[in-house]
Structure formats: C-alpha cells, structure tokens
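I have placed the structure first, in the form of structure tokens, so that the comments after it can refer back to it.
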Amino acid sequence: MAQALTRAMRDAMAEDPTVHVMGEDVGTLGGVFRITDGLAKEFGEDRCTDTPLAEAGILGTAVGMAMYGLRPVVEMQFDAFAYPAFEQLISHVAKMRNRTRGAMPLPITIRVPYGGGIGGVEHHCDSSEAYYVATPGLTVVTPATVEDAYGLLRASIASDDPVVFLEPKRLYWSKADWSPQAPAAVPGIGKALVRRTGTSATLITYGPSLPVCLEAAEAAREEGWDLEVVDLRSLVPFDEETVVASVRRTGRAVVVHEAGGFGGPGAEIAARVTERCFHHLEAPVLRVTGFDIPYPPPMLEKHHLPGVERILDAVARLQWEN
Amino acid sequence: MTVQELPGAGASHRPTPPPAWRPRTDAAPLLPDAEPYRVLGTEAADRLDPALMRRCYAELVRGRRYNAQATALTKQGRLAVYPSTVGQEACEIAAAMVLEEQDWLFPSYRDTLAAVARGLDPVQALTLLRGDWHTGYDPREHRIAPLSTPLATQLPHAVGLAHAARLRGDDVVALAMVGDGGTSEGDFHEALNFAAVWKAPVVFLVQNNGFAISVPLAKQTAAPTLAHKAVGYGMPGRLVDGNDIAAMHEVLSEAVRRARSGGGPTLIEAVTYRMEAHTNADDATRYRGDAEVEAWKAHDPIVLLERELTARGILDEAGITAARDEAEAMAASLRDGMNADPVVDPMDLFAHVYAEQTDRLREQAAMLRAELEAEDQA
C-alpha cells in the first residue's frame with residue numbers, strides 16, 4: 001500500500017504542476033513511513049517541501065497556497081500530531097468554500113496516517129475519524145486496499161474540496177498484485193464496495209478493520225454464517241444506498257471500527273441503517289468498536305482493537321430471538 | 001550531592017561536539033527602533049510628497065466618516081456588530097495604499113476599513129457584520145482574503161499565498177493584519193517562522209491598539225515591544241507610530257519593497273489606540289479611564305496630519321472641505337446600500353458546502369424547501 005500511495009502522488013505531480021507535497025520530513029527523508037520517498041528528488045524541494053515542524057503552520061500555509069491556485073498535499077505525520085492544525089482545518093479549510101459562496105474552494109489533501117496495530121507508543125495510534133466526519137465541508141476517505149490507496153488518493157488530489165485522507169498505518173505494508181490504474185478504473189470518492197457477498201448478515205467497516213472483517217467472515221462460515229462485508233471507503237460522503245441495500249438483503253448488520261463507539265462513525269451508521277431498514281431487520285444493529293478509552297499502550301492494544309473473536313461474538317448475538 | 005558534583009559532570013570532562021549550528025546573522029539590524037518611528041512633526045516631514053499626503057488626508061477623513069456611519073448603522077440595527085477603527089485609520093489606510101493591484105490583503109474582522117480603502121465596496125465589506133453572508137465579495141477578484149474572525153489564523157494563509165506566488169514567479173506581496181492580542185496566538189508564531197524560513201514576500205502588520213478586548217498589552221506580552229518578536233524569527237522588526245500616516249506609509253512601503261525584491265518578510269508594530277470600545281457590544285469604561293482616552297485625542301491621526309499639512313501650506317480650507325464632501329458622499333452611498341434589505345436565499349445554506357452536494361445535504365435541502373413552501377402557502 002505504501003508504494004501505491006507514493007505512486008499516486010508521483011503520478012499526480014507529474015500530470016499537474018500545481019500539485020505540491022508538504023509536511024515535516026517529507027523531503028530528504030521521504031517521510032517517517034517513506035510514503036513521499038523520492039518525490040523531492042524527482043520534483044525538487046519546491047514541489048515536495050520539508051516544512052518547519054508546526055502542524056497549524058503546515059496546514060495554514062497550505063490554505064494560502066490553495067487560495068493562489070495550487071493543490072497542496074499535506075502530510076500530518078501521525079494521527080495525534082494533527083491536532084494542533086484543527087483550528088485551521090475546522091475554521092478555514094472546511095469552511096472556505098462556504099464562506100465565499102463557492103468563490104474560493106480549497107483543493108487540499110490532508111494525509112493522516114491513523115489507527116493502531118503497529119505497536120506505536122501513545123499519540124501515534126489514534127483513530128481520529130469522528131472529529132473529521134463531524135465537520136461539514138470536509139470529505140473523509142480511507143482506503144483499505146492497495147488499489148484504493150492509489151485510486152482514492154488520486155481522486156482526493158483531483159477533488160476541488162478539501163479531503164482528509166486517512167491512511168491505515170497497519171496496512172502500509174499490505175501487499176497485492178497490483179498495477180496502477182487510472183482513477184476511473186476504481187470507483188471514486190463516495191462509493192462503498194461490497195468486498196464479500198453473503199446472506200446471513202452485513203459487516204459494515206472501513207480502513208484498518210476491513211481485513212479483520214474479511215477474516216471474521218471466513219471464520220464465520222464454520223458457524224454456518226455467510227457474511228457480507230461492505231467497505232465504506234468514504235465516510236463523508238457516506239454511501240447510504242450500498243449499505244442499506246446490503247442490510248435489506250441480509251436483515252442483520254454489525255458496524256466495525258477501531259475508533260471508540262460513543263459518538264463514533266458507527267453510531268451514525270447504525271442510526272441510519274435502523275431508520276432505513278427497520279422493517280427488514282431481524283436484530284438490532286450492533287457495533288464492534290475500540291473501547292471508549294485513550295489509545296492504550298502497545299502491550300495492551302490487542303485487547304482494545306476489535307478482532308475476529310469480538311466480531312464473531314457480535315454475529316452470534318445477531319441471532320436475535322425475543 | 002548536586003548534579004554538578006557528580007563525577008564526570010564538569011565541563012572539562014565533556015568532549016566538545018562539533019558545531020552543528022551557528023547563528024547566521026547579527027541580530028542588531030533586525031531590532032526595532034527604541035521609540036516608534038515618526039515623520040509628522042519631525043524634520044523627516046520636509047520630505048513629504050504633497051500629492052500623496054493630500055490623498056492620505058482625504059482617505060483618513062473618509063475612513064473616519066466610514067467608522068462613524070458603520071457605528072450609526074449598528075444603532076439602527078442594520079449591522080449586527082461593528083468593531084470600530086476610530087483612531088486607527090492611519091494603519092488601515094496606509095496598509096491598503098502601499099499595495100499594488102496584484103498584491104493581497106489579509107484582514108482581520110476589524111479591518112473592513114483597509115478593505116474599503118483598497119477599493120472594496122463598503123456594503124460588500126460589511127456583509128459579514130450585517131449577517132447576510134460570511135464573505136460579501138469574491139476574494140480573488142479584489143485580492144482581499146475573507147475577513148478572519150479567529151485570531152491570527154489568516155497569517156499563515158498570507159505566507160502560503162505569497163510563497164505560492166513566488167514559486168510561480170509572480171510579483172505578489174501579501175500584507176497580513178493582526179491585533180496586539182493576536183500576537184499571543186500560536187498561528188502568529190508559526191506564520192512568522194514559516195515566512196522567515198521560506199523568505200516569503202509577506203508584511204505582517206500588528207496594530208497595537210492597547211487592548212485585546214479588555215486585556216491591556218502588559219498582560220499580553222513581556223517583550224519590550226511586539227516588534228522585538230521579529231528578531232527571534234530572523235526578520236526585521238519595525239516600531240512605528242500608528243497614528244502618523246506619513247510614517248506608516250513610509251515603513252509599510254519599505255517593507256513591501258523589501259518583500260517584493262526577495263528580501264523576505266518584515267514585522268511591523270504600529271502603536272495606536274482604539275478610541276472606541278472593542279465593538280458596539282463592549283463597555284470600555286470597565287477597563288480604562290477617560291483620561292487615557294482623552295490624552296490620545298491630541299494624537300489623533302487626522303489632527304496630526306491636518307496640522308502638519310496646513311502649516312506647510314499643503315492643505316487649505318478648500319482641500320479640507322473637499323475631503324469632507326467626498327466622505328459624506330461615501331457615507332450616503334453606504335447608508336443607501338445598507339438600508340436596502342439584503343436578499344438572502346435560505347437554499348444557499350446547502351449550496352456551497354461541497355462542490356457536489358452529498359445525499360445527506362440534498363435530503364436536508366429538500367426538507368427546508370418543503371418547509372419554505374408550506375410557509376409560502378400559509
């Protein structure tokens with residue numbers, strides 16, 4: 001996945017001279033995860049810029065660059081390091097189109113490596129998506145496959161709106177037989193995909209939890225459950241139609257994500273599914289999420305992250321008989 | 001035992017590492033003057049350009065009238081709120097005057113006068129404060145960024161825009177305005193640092209008007225002056241009398257010239273005074289005395305300039321009358337514009353959130369449309 005992301009930026013930069021990559025360590029080092037590797041060498045430091053270490057400054061200057069017609073791609077090294085930039089994000093990035101009645105859209109892509117499962121110490125593993133999805137004006141996407149890493153990042157950079165691009169850190173090293181495709185070859189932003197068809201229940205998930213759900217779906221076969229797995233790919237806009245169609249087919253749903261459950265995206269999705277599928281549901285919509293705790297230290301994270309067992313337990317609870 | 005007494009803790013036992021870093025410049029040229037720079041009432045006034053000063057005078061009078069009219073409009077309920085710049089007109093006007101057409105202005109919520117002096121229609125400048133929309137103009141058309149209400153957050157935008165323009169090879173300078181309170185915000189520091197590191201063509205203008213709402217400068221900073229803050233970032237700091245439009249024009253012009261020629265950013269602190277309350281909703285008598293306000297009246301920017309120009313024969317009664325007439329015409333047109341009820345379309349609420357409306361917003365827009373239609377029929 002890491003190489004697909006790099007390739008997406010490289011191709012975008014080669015095609016469009018207004019695309020600029022910026023952030024802490026993105027130049028000479030190629031980023032702490034090496035996602036920007038080689039870009040400074042190929043396109044020069046003016047196109048792939050090592051900035052001073054200040055996230056509000058990084059995003060704030062990107063706003064000005066976008067105001068002048070550039071397409072900045074900003075790297076926020078780690079999820080929890082993005083917080084100093086929140087005022088810029090919420091007060092300006094998300095609102096500029098609206099404030100100016102469409103006269104000044106900001107085509108900024110904000111890459112945020114997020115989530116746990118890599119043994120990182122605190123402040124390196126937050127699942128911060130709930131903050132972003134609660135902010136009108138932001139598009140929020142998260143790839144779970146190598147193909148999507150490329151396609152969604154290309155689509156994000158091409159978008160005239162600001163996009164928070166959440167990169168699941170633990171999938172950086174995932175591999176796939178893959179060759180870069182035109183963004184049109186994979187569905188763009190705003191479309192969910194059924195990654196596995198099934199008839200017994202739908203697992204609704206995204207990003208780092210997709211492989212876990214697929215694994216759970218395989219394991220559930222032994223229990224006689226044929227699970228459908230929907231990968232949202234984009235949290236805002238939310239592809240309600242794909243989700244609703246799936247749940248109406250299966251009659252049961254579990255939402256799975258790493259972020260805490262209270263006020264997390266799963267709460268919204270469960271509510272929407274209940275509103276739209278009430279008469280099709282055989283059981284309440286359940287959620288399997290991270291605990292509502294600050295991200296735990298690495299030696300304890302396995303207890304926090306929703307795993308196959310917890311998903312299977314929820315699936316078992318879907319055998320709702322009142 | 002203290003740390004110093006520990007074996008091996010002495011400096012003589014410590015190998016000296018090779019220097020990885022050295023200061024690049026002597027800080028002295030970056031330091032501001034000890035006193036605010038002045039032109040009016042000094043020998044420097046001998047160099048004044050009469051035509052420029054007559055224009056400055058007319059703009060100041062117009063600016064004062066604009067402030068008075070806007071304040072009156074709040075009393076009539078035509079403006080939701082107005083943060084006055086009475087006393088600060090020289091800063092506002094000089095900031096607009098020193099910019100070329102292709103340059104950009106980054107105003108704060110208090111700087112509508114600077115936007116008007118740059119040529120923006122006063123009604124468009126006041127849209128935010130009237131409450132019919134957030135920004136009443138196309139920023140690209142006027143090269144005026146939206147008025148920024150969160151403090152200092154527009155400063156990194158100015159840096160990014162100026163940097164982008166330079167990367168494209170365009171001759172563009174960005175001038176960003178902030179108040180004394182805004183210099184305490186993190187974005188102020190990050191913007192100055194980025195600008196200096198990138199040598200961005202930016203001018204930072206701090207209007208030190210004495211108070212951040214009610215908090216005086218002494219509780220805002222322990223620095224000798226706000227201009228001193230420049231030195232730590234590696235850019236020149238200038239301290240200037242913000243009520244002396246000739247000094248303001250000179251110092252700002254010099255900073256713009258420096259930025260345009262690749263010399264990088266400058267931080268300017270204009271020492272001025274907010275004669276009125278923070279906004280019409282604020283009670284300034286709770287935090288400052290009349291004596292202080294009275295003392296500043298003698299240092300009014302219009303008084304200072306009028307005295308100098310009439311003494312030198314640059315301005316006569318006819319000139320003063322002409323300036324006042326021009327200001328009255330502006331006020332009349334502003335009144336007309338504001339007295340016309342703004343046309344607001346509720347469906348605009350959903351029109352500019354995303355390039356393409358989401359299903360969710362389409363649903364909510366449909367709900368509002370139905371409510372409006374029901375209202376119409378009732």
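Since every read-out is calculated from the coordinates, none of them should be taken as a lab result. The structure presented is a predicted model; accordingly, all values stated were derived computationally and were not measured. Cβ: placed from backbone, ideal geometry, glycine included. Neighbour counts: every protein chain shown.
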Practice problem: Would you please name the chymotrypsin sites (Phe, Trp or Tyr not before Pro) within region A:1-98 that are DSSP coil residues with at most 11 other C-beta atoms within 10 Å of their C-beta? | Solution: none
Quiz item: Kirkwood hydrodynamic radius (Cα pairs, Å) of region B:337-378?
Solution: 11.9 Å
Quiz item: So what is log10(I(q)/I(0)) for region A:84-219 at q = 0.12 1/Å, when the Debye sum runs over its Cα atoms only?
Solution: -0.54
Quiz item: Taking Rh as the Kirkwood radius computed over C-alpha pairs, what is the Stokes-Einstein D of region A:1-59 at 25 °C in a medium of viscosity 0.890 mPa s, expressed in µm² per second?
Solution: 218 µm²/s
Quiz item: Roughly speaking, what is the stretch gain from residue B:340 to residue B:355, that is 0.36 nm per residue apart minus the C-alpha to C-alpha distance, in nm to one decimal?
Solution: 2.3 nm
Quiz prompt | Length-normalised contact order of region B:15-120 in % [C-alpha pairs under 8 Å, at least 6 apart] | solution = 22 percent
Practice problem: Would you compute the Debye intensity of region B:306-356 from its alpha-carbon atoms alone, equal scatterers and no solvent, and pass along log10 I(q)/I(0) at q = 0.22, 0.26, 0.28 Å⁻¹ to two decimals? | Solution: -0.85, -0.92, -0.97
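In Å³ and rounded to a whole number, note down the convex hull volume per residue for the Cα atoms of region A:173-242.
Value for region A:173-242: 107 Å³ per residue.
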Quiz item: If the convex hull of the alpha-carbon atoms of chain A is projected onto planes in all directions, what is the mean projected area in square nanometres?
Solution: 16.2 nm²
Quiz item: Semi-axes, largest first, in whole Å: what does sqrt of 5 times each Cα gyration tensor eigenvalue give for region B:121-242?
Solution: 24, 22, 11
Self-check item: Helix-only mean residue ellipticity at 222 nm for chain B, each DSSP H run of n ≥ 4 adding -39500 (n - 2.57), per residue, nearest 500
Solution: -13500 deg cm²/dmol
Quiz item: In whole angstrom, how long is each semi-axis of the equivalent ellipsoid of region A:220-322, when you take the square root of 5 times every eigenvalue of its Cα gyration tensor and sort them from largest down?
Solution: 23, 18, 12
Quiz item: Can you give the helix-only mean residue ellipticity at 222 nm for chain A, where every DSSP H stretch with n ≥ 4 adds -39500 (n - 2.57) and the sum goes over all residues, rounded to the nearest 500 deg cm²/dmol?
Solution: -9500 deg cm²/dmol
Practice problem: For region B:21-72, would you read off the P(r) tail past 12 Å as a percentage of all alpha carbon pairs? | Solution: 79 percent
Quiz item: How much length is gained on full extension from residue B:298 to residue B:138, taking 0.36 nm per residue of separation minus their Cα-Cα distance?
Solution: 53.7 nm
Self-check item: Computed Rg/Rh of region B:1-159, alpha carbon atoms with Kirkwood Rh
Solution: 1.25
Quiz prompt | Volume per residue that the Cα convex hull of region B:252-378 spans, once the total is divided by residue count, Å³ | solution = 286 Å³
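Calculate the mean, over all residues of peptide A:90-101, of how many other protein chain Cβ atoms lie within 10 angstrom of the residue's Cβ.
Rounded to a whole number, the mean comes out at 6.
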Quiz item: Long-range amide H contacts for residue A:259: which residues qualify at under 5 Å (H placed 1.01 Å from N, peptide plane, sequence gap of 5 or more or a different chain)?
Solution: A:290
Self-check item: C-alpha long axis of helix A:209-221 to longest principal axis of chain A, angle in °
Solution: 20 degrees
Quiz prompt | P(r) tail fraction, region A:102-148 - alpha-carbon pairs more than 13 Å apart, % | solution = 68 percent
Quiz item: Hey, got the average number of other protein chain Cβ atoms within 10 angstrom for residues in B:143-156?
Solution: 4
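Show me the ranking of peptides A:143-151, B:319-327 by mean Cβ neighbours inside 10 Å, starting with the highest.
The most tightly packed comes first, giving A:143-151, B:319-327.
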Self-check item: Residue-averaged beta-carbon neighbours from other chains (10 angstrom radius) around A:102-108
Solution: 4
Quiz item: What relative contact order, as a whole-number percentage, does region A:107-178 give when Cα pairs under 8 Å and 6 or more residues apart are counted?
Solution: 46 percent
Quiz item: How much space per residue, in cubic angstrom, does the convex hull of the C-alpha atoms of region A:263-316 take up?
Solution: 76 Å³
Quiz prompt | Interchain or long-range residues, amide H under 5 Å from residue B:238's placed H | solution = B:267, B:268, B:269
Quiz item: Expressed as a whole number of Å, what is the distance separating the alpha-carbon centroids of region B:127-144 and region B:67-95?
Solution: 16 Å
Practice problem: With a bin width of 10 angstrom, please list the P(r) values of region B:173-260 as percents of all Cα-Cα pairs, from the 0 bin to the one holding the largest distance. | Solution: 16, 52, 29, 3
Quiz item: Which whole-Hz couplings ³J(HN,Hα) result when phi for each residue of region B:201-210 is put into the Karplus expression 6.51 cos²θ - 1.76 cosθ + 1.60, θ = phi - 60°, listed in order with x for Gly and Pro?
Solution: x, 10, 10, 9, 10, 9, 8, 7, 9, x
Quiz item: Dividing the alpha-carbon Rg of region A:118-170 by 2.2 N^0.38 Å yields what?
Solution: 1.24
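Taking only Cα atoms of region B:250-297, what ratio of Rg to Rh do you get with Rh as the Kirkwood inverse-distance radius?
Values: Rg = 17.0 Å, Rh = 13.7 Å.
Using Cα coordinates only, the ratio equals 1.25.
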Exercise. Set the Förster distance to 45 Å, then compute FRET efficiency between residue B:213 and residue A:303 from the Cβ-Cβ distance, nearest 0.05.
Key: 0.40
Quiz item: Just the Cα atoms of chain B, one point each, no solvent: what log10 I(q)/I(0) does Debye give at q = 0.07, 0.08, 0.12 Å⁻¹?
Solution: -0.38, -0.48, -0.94
Self-check item: Length-normalised contact order for chain A - Cα pairs under 8 Å, 6+ apart - percent
Solution: 15 percent
Quiz item: With the calculation restricted to Cα positions, what are the radius of gyration and Dmax of region B:171-214 in angstrom?
Solution: 11.6, 40
Quiz item: So what J values fall out for region B:86-103 if you push phi through Karplus, 6.51 cos²θ - 1.76 cosθ + 1.60 with θ = phi - 60°, rounded to Hz, Gly and Pro as x?
Solution: 4, x, 10, 4, 5, 5, 4, 6, 4, 4, 6, 5, 7, 8, 7, 4, 7, 6
